[in-house]
1. Return a whole-number percent for the relative contact order of segment 784-866, with Cα pairs under 8 Å and 6 or more residues apart as the contact set.
2. Report D for segment 541-617 in µm² per second (integer): Stokes-Einstein, Kirkwood Rh on Cα pairs, 37 °C, 0.692 mPa s.
3. So, how do all the Cα-to-Cα distances of the chain break down into 20 Å bins, in percent, from 0 on up?
4. Between ARG780 and ASP343, what is the spin-label point distance in nm, taking each point 7 Å from the Cα along the Cα→C-beta axis?
5. Can you tell me how much longer the chain between SER612 and ARG832 gets when fully stretched, taken as 0.36 nm per residue apart minus their C-alpha distance, in nm with one decimal?
6. For THR266, tell me the accessible area in Å² from a 1.4 Å probe, rounded to the nearest 10.
7. How about LYS97: which lysines have a C-alpha closer than 21 Å to its C-alpha, ignoring those fewer than 8 places off in the same chain?
8. Rounded to whole Å and sorted largest first, list the principal axis extents of the Cα atoms in segment 478-535.
Amino acid sequence: MLACTAPALPAAEPLFNPVPLAEAPRAAGEMLDKEVAAERALAAGMPSVAAAIYEQLLTAEPDAATATFNRRVLALVTARLEAGRIEQASVDLARLKGPAGAAARLRAGLIAAQRGHLTAARAEFAALKPEELSATDRSWAFFLQGLVLEQDKETLKAEQAYDQAAEAAVNDWQRASFALARERVRLASGEVTESQANALRQNAERFQGRGVGYDFGRQYAVALNRLGRRDEAIAYLQRQLQALAPADRSVRDEYRLLLGVLAGPTDSAGRQALEAMLAESDDRGRMRAALRLLTEGSRAGASRGNFLTFIGRLIERGEPAHPILENLLLVRAEFALAAGQYDAVEQDAKDLLARFPGSELKPLALGQLAQAAWSLRRYRTAADYAARAQAEARDPELRARLGVIVAEAYYRAGDYRSAASAYAAAADAVPAGVEPGAILFQRVMSELQAERLTEAAALLTQLAGDRRFDALSRWQAEWNLARALQAAGRTEEAFQRVTALREQGGGESLAPGLRARMAWLQARLALEAGQPARALELAVSLPDNLKGVDERLRAEITSLSRLLSAEAKFRLDRPDEAVADLKALREGAGGAAADADAKTRSFLVEADHYASVGRVVEAQALLTRLVDEYPSDEYADDALYKAAANAERRGKDEYFEQAYLLLERLVRDYPKSDLVFYARLRQGDLLRRLNDFPRAQLIYESLINTSGGHEGVLAAQLALGATHRAQVAADPSHFESAVTIFERLRDLPSAPAELRIEAGYQLGDMYYQRAEKGDAAARRADIERVRAVWGPLVSTYLLAPDAPSLDGPRGRYWMARLLIRLSDLAEAEGRREESLEICRLILEKGLPGAGLARGRLATRGAAPAQ
């Protein structure tokens, strides 16, 4: 349900992984989609919703660049003005940073006018420079000029200014805003005495039924309001409406709109007047003004439901269609969007587009469809709608924002080639508030995600000459390129690239911060490229590259260089020196935040060394110490997981129980950790090792039921099958449960090959073991089942011309076990040559168990495969 606050915009997943020596990269479109949603809410007559979104943005980024912060404040003030919250608009305008520009003066003038302070409004208008205003603001400037001229009794010039405002307006919604603002100014401006009010009443009565009499009647109602007699003014207008002849449609509309503004849409008199005008008038401009007021007054509760029912009747009333049907459809779709009713959004927005293909509301309807698709995680569809909205939008700034949203939607959809092209286009028209470097970074990331590493490297080299590509964005891109090259087995290439960049001109062409970061990355890559001596040499020289670097970054790089030195010394078999370096790093003076990451990581580095040489007790103790001393550290959950692994390696039940408790601590204290699923999975495995199969079964079932979309859920299902199998001896009913799970996983096309092979092996082995215990008939049936399960696996994964490559150790292990069992079966049934052929197949495919296969071949005097 739409409340008085902003609709909950979908929280999209972070696009980029953290980068060392820098803040985590943020997607440029993360805030733009909210700004576009706020603009659309304002255009759809929901200024309070728009204001709430702008407040969210200001709160989320209080330290945003001054230009961005001020742009959002100005938009917030506009929303306050359109909602009629004049005093709050004034308070918000004071939040601007720096000197007031033309846009601020314009809003100050509008605030003054709607307060009735037209002298102040005149002064603000005289001081502003219209050429500095946006297209939307220029129309409001004409409107403010009209208000000032009207106050100066220059009626003809005032009407000309109002006409210019209407002509310059971006759409009919803005023209409706002018009508509402003009009524508010009339109600607020000027001083009135009782005698003047009486004279207006007398003239209205004297000329009743004539045009001038209606003017006096309107002025009398305004005068009563200025005298603080609002209820009398409302009652007077109601009586006048009842007395109007049916032919006086224009006067009726004017009185109803005045009554709606005066009483407000939440008052029954105001709401009834506005609804009557919306249902009966033929003046589209005033109908839109009435719709705006009713929309703003119907944001929650029963009023929302009643309003939607009312406009629903207008939408469905048949031919002739309602005069402002497109506006009604847009408003209803916006309410549905805020309530998360995405099917209704699609229905109304698509209806608007189909029935009004040339509507100026087309970009707004397309924007609604884009946001609905985004909320449903249908990013490719969102990109398509946002691209269409961009093509229809008249405002260059809105087009620029939509361009970034299109690119980000493609990126989230996994269409990285399209994302790269869209980011390239967005870089040519960067929207206000977005750093160009962020767009260029995301273009590089799109190429990396598309696995076009060579193209990404060339693009990075090209962008190095682009002044918009700031040092931090370039560092983030270089780091991600290096990691991508490493993941592709091209670590040496990554190292050589960074080395070449640093050696060009001695690295002096790089900004100090970037130069220092690149020096650290070169040392890091040297270590990961298997050159620990070179890495140590580079790490030791890192302090020489810190000239001109700010103090925080200097401290961070210094700490990380010491950590890197220790890692290199471990690789160079100098563990005592490395341990001494790590202890000195942890115990060193300072304790600045910049050193915290290196200090806590030092525990992990030292523990990894102990684990690698079998000193698991020391490794476990060091890891638990990290968690005890730094429970809030980002590595604490990882430390607990590794501590549990080291406890498990100790190989006794008491240590399995200890590992279980460490994992339980991870689940309890770090519920949002990515490791929670794997910790629970490992707990189930530990319980199986402790022969506590019922508890293990409960854990696996819980994981499967609560983590259906997790990438590890198939492993949990496989483990559950194994748990059922282990309980067959105690309860034979578990046999069918295990068979059902293994069959499904073996036949699941989306499952990895190694998992399907393991499931198939387990399934066949269950029948194999049962065959050994059954009578002759049951044995024959089960052996046939074994062949029916294992035979296709061998054909699919080993013998078929298009057999997938079994690169993973698990798949190769289980396939080898399967073949050895088939060899045993053939031998037991007297098919000696078939048994030997299976042994040759093991050798031919280079599978584990080669020694056993050779032994069997040798025992039987058979030659191995050629």
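The values are calculated or read from the model by the stated rules, or taken from the named source; none is laboratory data. The structure presented is a predicted model; accordingly, all values stated were derived computationally and were not measured. With ideal geometry, Cβ positions are generated from the backbone for all residues, glycine too; neighbour counts draw on all protein chains shown. Each accessible area value is taken on the protein alone, full model and side chains, heavy atoms only, with ligands, DNA and RNA left out. Shrake-Rupley method; radii C 1.70, N 1.55, O 1.52, S 1.80 Å.
1. Relative contact order of segment 784-866: 21 percent.
2. In µm²/s, the coefficient is 253.
3. 12, 31, 29, 19, 8, 1, 0
4. 5.7
5. My answer for the length gained is 74.8 nm.
6. Number for this one is 110 Å².
7. LYS129
8. 30, 24, 16
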